[in-house]
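Participant: Right, I'll just put the structure down here and ask away after.
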Amino acid sequence: MSGSEMPEDHWRSQADSMLKRKGPWTLALLLTVTVMTAIICFSSQSAAESDGLSKGFAQWLLNLVPSLSDVVTLRKLNHFLRKFAHFSLYFLLGCGLTGLANRQRRMPPVLLAILGGAAFAVTDEFHQFFSDGRGPMLQDVLLDTCGVIVGALFIVLLKKVFKKDCPSDQ
């Protein structure tokens, strides 16, 4: 073996080391970009498209679980699913942003994630102003921000529970 050749174990060790250092951050970046893209796509839908998508899913659930229609109407289930989607997407955004923010040391990562997520929620609602038949709603900004807060705190809790590499470790 010449001096420029390295054993395979060396390269495997280098790759493992890099994954341990950059893997969680890369996962957080991928999650954040994917969720932001989904949010922008959903916000770009017209009111009719958005309502049709959520009503279709609500109807599918009612068909899947017929006894559910004894408890809730299609209209109320549709409303719940729309708000649940807001909260869930922003929960995931809070997880991703916390993972990204933990690499810097100027500001507490959770605070940075919450501020970034809330700012994105405001811009998302403003964006809806330009979608046919839709408009910004303060209650959605508040719900979205709650989702970010819960997602950020979830990552902090995971980190404390497992005390090892989590998306917010790097």
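Participant: Please enumerate the residues belonging to the range 61-78 that are in a helix (DSSP H, G or I) and either over 24 Å from the mean Cα position of the chain (by Cα) or within 24 Å of Ala119 (Cα to Cα) (or both).
Facilitator: Leu62, Asn63, Leu64, Pro66, Ser67, Leu68, Ser69, Asp70, Leu74, Arg75, Lys76, listed by residue number.
Participant: Please name all residue pairs, on different chains or six or more residues apart, with Cβ atoms under 8 Å, provided the first residue is in the range 82-94 and is closer than 23 Å to Val110 by Cβ and free of Cβ contacts under 8 Å to residues at least 12 places away in the same chain and the second residue is of a type in the set (Ser, Thr, Tyr) and assigned to a helix (DSSP H, G or I).
Facilitator: From the range 82-94, no pairs qualify.
Participant: Being among the polar types (S, T, N, Q), closer than 25 Å to Gly99 by Cα, at pLDDT 95 or above and surrounded by 13 or more Cβ atoms within 10 Å (Cβ to Cβ), is that true of even one residue in the range 35-45?
Facilitator: Looking for residues that are among the polar types (S, T, N, Q), closer than 25 Å to Gly99 by Cα, at pLDDT 95 or above and surrounded by 13 or more Cβ atoms within 10 Å (Cβ to Cβ), one finds none in the range 35-45, hence no.
Participant: Which residue pairs have Cβ atoms closer than 7 Å, lie 6 or more positions apart in sequence or on different chains, and pair a first residue in the range 98-124 that is within 12 Å of Leu142 (Cα to Cα) with a second residue that is among the aromatic types (Phe, Trp, Tyr)?
Facilitator: Close Cβ pairs (under 7 Å, with a partner that is among the aromatic types (Phe, Trp, Tyr)) amount to Gly117/Tyr90; Ala121/Tyr90.
Participant: Which ones in the range 102-126 are part of a helix (DSSP H, G or I), open to solvent by 60 Å² or more (accessible area, probe 1.4 Å) and farther than 18 Å from Ala28 by Cα?
Facilitator: Selection gives Val122, Thr123, Phe126.
Participant: Can you spot a residue in the range 110-118 that is at pLDDT below 95 and touching a Phe, Trp or Tyr at 6+ places or on another chain (Cβ under 9 Å)?
Facilitator: no
Participant: Right, Phe162: closer than 24 Å to Leu30 by Cβ, more than 20 Å from the chain's Cα centre (by Cα) and free of Cβ contacts under 8 Å to residues at least 60 places away in the same chain or not?
Facilitator: For Phe162, the condition - closer than 24 Å to Leu30 by Cβ, more than 20 Å from the chain's Cα centre (by Cα) and free of Cβ contacts under 8 Å to residues at least 60 places away in the same chain - is met.
Participant: Within the range 51-70, identify whether any single residue is open to solvent by less than 70 Å² (accessible area, probe 1.4 Å), without any contact (Cβ under 8 Å) to a residue 12 or more places away in the chain and within 26 Å of Cys41 (Cα to Cα), and answer yes or no.
Facilitator: Within the range 51-70, one or more residues are open to solvent by less than 70 Å² (accessible area, probe 1.4 Å), without any contact (Cβ under 8 Å) to a residue 12 or more places away in the chain and within 26 Å of Cys41 (Cα to Cα).
Participant: Moving on. Quick check on my filter: what residues within the range 131-144 are surrounded by 11 or more Cβ atoms within 10 Å (Cβ to Cβ) and without any contact (Cβ under 8 Å) to a residue 60 or more places away in the chain?
Facilitator: Matches in the range 131-144: Gly135, Pro136, Met137, Asp140, Val141, Leu142, Asp144.
The values are calculated or read from the model by the stated rules, or taken from the named source; none is laboratory data. Keep in mind that this is a model prediction, so the values were computed, not measured. FYI the Cβ positions are ideal-geometry reconstructions off the backbone, even for glycines, and counts take in every protein chain you see. Only protein heavy atoms, including side chains, enter the accessible area calculation; ligands, DNA and RNA are left aside. Shrake-Rupley method; radii C 1.70, N 1.55, O 1.52, S 1.80 Å.
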